[in-house]
Amino acid sequence: MNQEVVLITGAGGQLGTVLTKELQQIYGIDNVVATDIRPQDNFNGTFEILDATDLKALEDLVKEYNITQIYHLAAILSAKGEQAPMPTWDINMKTFFNVLEVARLFNVDKVFYPSSIAVFGNNIERVKTPQSSYLVPETVYGISKAAGEQWANYYFKKYNLDVRSLRYPGIVGYQSLGGGGTTDYAVDIFHSAINQETFQCFLEPNTILPMMFMDDAIRATIALMQAPKENLKTRTSYNIAGISFSPEELASAIQKTYPNFKITYKPDFRQSIANSWPMSIDDSEARRDWNWQPQYNLELLTQSMLTNLKLKYSDNTITL
Ligand code: AKB
């Protein structure tokens, strides 16, 4: 087997920070090229500034490092995207087209493309939303991800480019903060709890959304990317499920450890985004094709978040 050399875009983001470290573990620190539009403090490994809308800059890096896999994480998320719809569309699509074209032209073996539960929209089955549900996204982020899924499938069918994709739910991890999504509250709430602050939630108490602990999200990503090519029947993007919960359920789980923790509610524009998304996901195709199985329930997620964040704050190693 040839040595894999992996390039990541958006390596400084919520998922990117953690995925970069995991890929360094798997492929060796010298075989991972982390890139982001912003410099990263105290980065351990190879880091390059990259604006992924710049085709030539991406091409130069792929050639310079002989890249064999690209994980394309750079994107503007659901809530932030609604503040600037046209730039969001441009950035999300242009960066992905650049990745697809560079991968096709320079024989990159595999591309990972994150999609999202944001591809679904109103009037779908919101409980156990099926893989084959129709997609009528309500946000520009969701529209860009739904379009991206089709382009992933197109490049696979037309050019045999091995693009693999997951529809992530909200990701909850202690290592990083959310980056402008509708599910960010589920990370922020833990920081308030540890710091003994009242948390003001921008969603209503009973808004149930699909979520996933960071470790599960990383495991799913690696499992998909390492699965035998012939097993993968879905070339748009796979549904994956972790846990579903509402803000009030999450607050109650936190109160088991921090009984004095308080939450208040002040829903804003993000409520209507959340209302258009599924409450839970049917991921039976991911389970069938590459043995997907989540490991974290609400209790385990809560305990892990509280324990690890407490350690980070007390060690002063919080670099969010
Ligand atoms: C967001 O809230 O926009 C993201 C997502 C679910 O894709 N976390």
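The values are calculated or read from the model by the stated rules, or taken from the named source; none is laboratory data. Computed from a predicted model, the values in this text were never measured in an experiment. Because the Cβ atoms are built from the backbone with ideal geometry, glycine has one as well, and the counts that use them run over all protein chains shown.
In region 246-266, how many residues are touching a Leu at 6+ places or on another chain (Cβ under 6 Å) and either polar (S, T, N, Q) or not in a helix (DSSP H, G or I) (or both)? Please lay out each step first, then the result.
Of all residues in region 246-266, those touching a Leu at 6+ places or on another chain (Cβ under 6 Å) come to 247, 253, 257.
Subsequent filtering for residues that are either polar (S, T, N, Q) or not in a helix (DSSP H, G or I) (or both) retains 257.
Count: 1.
Specify which of the listed residues (Pro205, Pro169, Pro210) is over 30 Å from Asp109 (Cα atoms) and within 16 Å of the ligand (Cβ to nearest atom).
Testing whether each residue is over 30 Å from Asp109 (Cα atoms) and within 16 Å of the ligand (Cβ to nearest atom) leaves just Pro210.
Residues that are outside the structural domain of Thr68 (by TED's automatic domain parsing) and free of Cβ contacts under 8 Å to residues at least 60 places away in the same chain: does region 262-275 have at least one?
no
Please go through region 62-87 and pick out each residue that is in contact with a Ser or Thr (Cβ under 7 Å, 6 or more places away or on another chain) and either part of a helix (DSSP H, G or I) or basic (Lys, Arg) (or both).
Matches in region 62-87: Ser78, Ala79, Gly81.
Report, ordered by the first and then the second residue, all pairs with beta carbons closer than 6 Å, sequence separation of six or more or different chains, a first member in region 197-215 that is touching a residue at least 60 places away in the same chain (Cβ under 8 Å) and within 21 Å of Lys262 (Cβ to Cβ), and a second member that is among the β-branched types (Val, Ile, Thr) and within 16 Å of the ligand (Cβ to nearest atom).
Phe199/Ile189
Identify all residues within region 276-310 that are in a helix (DSSP H, G or I), free of Cβ contacts under 8 Å to residues at least 12 places away in the same chain and of a type in the set (S, T, N, Q); write none if there are none. Even if it seems obvious, please write down each step before you answer.
From region 276-310, those in a helix (DSSP H, G or I) are 284-290, 298-310; that's our starting set.
So of that shortlist, the ones also free of Cβ contacts under 8 Å to residues at least 12 places away in the same chain come out as 287-288, 307.
Matches in region 276-310: Thr307 only.
Here are the criteria: (1) β-branched (Val, Ile, Thr); (2) more than 16 Å from the ligand (Cβ to nearest atom); (3) part of a loop (DSSP other than H, G, I, E, B). Tell me which single one Val111 does not satisfy.
Unmet condition: (3).
Tally up the residues in region 114-123 that are in a loop (DSSP other than H, G, I, E, B) and within 15 Å of the ligand (Cβ to nearest atom), please. Spell out how you get there, then give the answer.
Initially, region 114-123 is screened for residues in a loop (DSSP other than H, G, I, E, B), giving 120-123.
Cutting the leftovers down to within 15 Å of the ligand (Cβ to nearest atom) gives us 120-121.
Of the residues in that region, 2 qualify.
Let me confirm something: among Asn44, Asn66, Asn98, which residue is among the polar types (S, T, N, Q) and either in contact with a Phe, Trp or Tyr (Cβ under 7 Å, 6 or more places away or on another chain) or closer than 28 Å to Arg167 by Cβ (or both)?
After ruling out the rest, the residue left standing is Asn98.
Quick check on my filter: what residues within region 172-185 are more than 17 Å from Gly12 (Cβ to Cβ) and more than 9 Å from the ligand (Cβ to nearest atom)?
The answer is Val172, Tyr185.
Please find, among Asp30, Asp41, the residue that is away from the ligand (no atom under 16 Å from the Cβ), more than 20 Å from the chain's Cα centre (by Cα) and part of a helix (DSSP H, G or I).
The unique qualifying residue is Asp30.
Just give me the residues in region 54-80 being within 16 Å of the ligand (Cβ to nearest atom) and polar (S, T, N, Q), in sequence order. Can you show your working first?
Filtering region 54-80 down to residues within 16 Å of the ligand (Cβ to nearest atom) leaves 71-80.
The answer is Ser78, and nothing else.
Confirm whether Asp51 is surrounded by fewer than 19 Cβ atoms within 10 Å (Cβ to Cβ) and away from the ligand (no atom under 16 Å from the Cβ).
Considered against the rule, which asks whether it is surrounded by fewer than 19 Cβ atoms within 10 Å (Cβ to Cβ) and away from the ligand (no atom under 16 Å from the Cβ), Asp51 comes out as yes.
If I ask for residues that are within 30 Å of Glu204 (Cβ to Cβ) and either modelled with pLDDT under 95 or among the β-branched types (Val, Ile, Thr) (or both), which ones from region 222-247 would you list?
Ile240, Ile243
Hey, among Lys56, Lys80, which residue is surrounded by fewer than 22 Cβ atoms within 10 Å (Cβ to Cβ) and under 17 Å from the mean Cα position of the chain (by Cα)?
Exactly one of Lys56, Lys80 is surrounded by fewer than 22 Cβ atoms within 10 Å (Cβ to Cβ) and under 17 Å from the mean Cα position of the chain (by Cα), namely Lys80.
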